[in-house]
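Data first, discussion second: the structure below is written as structure tokens.
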Amino acid sequence: PPVGGDSSAVCYVLNAGDWKSSNSSLTKYDLETGATVQNYFEYQNGRCLGNTANDMLVHGSKMYLAVSGESTIEVTSLDAKSIKQIKCSGQPRYLAANGDKVYVTYYDGNVARIDTATLEVDAMAGVGRNPEQLAVCNGSLYVANSGGMDYNTEIGYDNTVSVIDLVSFCEVDKIEVALNPANVVSTGDGVFVASYGNYADVPSALQYISKGGVQYVLPDACRQMTEICYNSGTLYGFLSQYDANWNATITYISYNPSTGAVDTPWIKEEQKPVPYKVCAVGEYVCVTASDYMNDGDVYLYDTDGMLVSKFSAGLNPVKAVAVE
């Protein structure tokens, strides 16, 4: 059981675990005391999360956890006690929210809309192939269509971002972007889209979409990024490239779209993690690390790139959120 005094400032880390191993988990980290509790969801509910948790969202008084391998959205209170399991018609991937609705991409090419009062799926919208991250901006939902499951077929990866009108909840546009888009974050005025390419002759790319479509106005130093988040007016992320021997070349990059300033590397510590994911956690920028075999670590940096804290999480930490 948890030990030590709990504070009101908590960071939860969602750990995907091994694919098909039903060992997804939740780590609780006290931002004030530094106390860490592993397997916190199991402690609170007497059962594990299941197979391959993929994303986590805090919205209002609830947390939403997309457990892809179980085709389930786990809805909990802010102390991780289960309220309801929403059964999905497809594999849920990523989550976004606006007002009284939560949106989730299904890997079968749809976006589901969940009513936060009834906790029921009340609408579906068709998008592109194998949608990944999504973001709300200017009354629309921007959805990255990766086509990831077609990578070894003639049709290949997708290269579009679907635009869903939030009122009609229908796809109203499909914007062509770089190959294999996966990560989308909103600035309020537009969205950044990070595409992976094909891991061979087509490189990764970072692009910006405004109401007029894709705008290629980014500085050269940040036109290639693979994982991104947006915090306090600045885009933080990294470019992660691997060779045939699994040796990594990592570049940490930040970009302020208002001033045009690019900072490489934005992490100022001499020792930098080999990153897995990056996300905004309250006032911090969170970088998770994983070797896919052992429990991972979580690094919290301030927006000046200085390390605030480091702690251990579970296997393959994919998302961190702050709860107060």
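Quick notes
- The solvent-accessible area of Asp295, taken with every protein chain present and a 1.4 Å probe, is close to 110 Å².
- Protection proxy ranking of 166-175, 81-90 - average other beta-carbon atoms within 10 Å, highest first: 81-90, 166-175
- Relative to one another, the C-alpha centroids of the range 159-182 and the range 221-243 are positioned 21 Å apart.
- D by Stokes-Einstein for the range 1-110, Kirkwood Rh over Cα pairs, 4 °C, 1.567 mPa s: 91 µm²/s.
- Neighbourhood charge, 9 Å Cβ-Cβ cut-off, centred on Asn183 and excluding it, Lys, Arg +1 and Asp, Glu -1: -2
- Across the range 268-314, Cα-Cα pairs farther apart than 14 Å form 45% of the total.
- HN-Hα J in Hz across the range 28-38 - Karplus 6.51, -1.76, 1.60, θ = phi - 60°, x for Gly and Pro: 10, 10, 7, 5, 9, 9, x, 6, 10, 10, 8
- log₁₀ of I(q)/I(0) at q = 0.10 Å⁻¹ - the range 172-281, Debye sum with one point per alpha carbon: -0.28
- Carbon + sulfur, % of accessible area of the range 71-156 - ligands and nucleic acids excluded, 1.4 Å: 45
- Between the alpha-carbon centres of the range 58-135 and the range 246-269 there is a gap of 31 Å.
- The chain: most fluctuating residue of Cys279, Cys48, Cys229 per GNM, C-alpha cutoff 10 Å: Cys48
- With a cut-off of 14 Å between beta carbons, the residues surrounding Glu283 carry a summed charge of -4, where Lys and Arg count +1 and Asp and Glu -1.
- Debye, to nearest 20: dipole size of the chain, +1 on Lys, Arg Cβ, -1 on Asp, Glu Cβ: 380
- Accessible-area value, Thr33, 1.4 Å probe, nucleic acids and ligands omitted, Å²: 80
- Taken over the Cα atoms of the range 95-243, the convex hull encloses 118 Å³ per residue.
- Using a probe of 1.4 angstrom and keeping all protein chains present, the accessible surface of the chain works out to 43 square angstrom per residue.
- The range 137-145 - phi-based ³J(HN,Hα) in whole Hz, Karplus 6.51/-1.76/1.60, Gly and Pro as x: 7, 6, x, 10, 10, 9, 10, 7, 9
- Computed with every protein chain present, the accessible area of Arg223 is close to 100 Å² [probe 1.4 Å].
- Across all directions, the shadow cast by the convex hull of the chain built on its C-alpha atoms averages 16.0 square nanometres.
- Accessible surface of the range 243-324, 1.4 Å probe: 44 percent of it comes from carbon and sulfur atoms.
- Radius 15 Å from Cβ of Val193, net charge of other residues (Lys, Arg +1; Asp, Glu -1): -3
- Sorting the segments 259-271, 53-65 by their mean number of nearby beta carbons within 10 angstrom, highest to lowest, gives 53-65, 259-271.
The values are calculated or read from the model by the stated rules, or taken from the named source; none is laboratory data. Owing to the predicted nature of the structure, the values given are computational and were not obtained by experimental measurement. In this analysis, Cβ positions are derived from the backbone assuming ideal geometry, glycine residues included, and neighbour counts consider all displayed protein chains. The accessibility values were calculated without ligands, DNA or RNA, using every heavy atom of the protein model including side chains. Shrake-Rupley method; radii C 1.70, N 1.55, O 1.52, S 1.80 Å.
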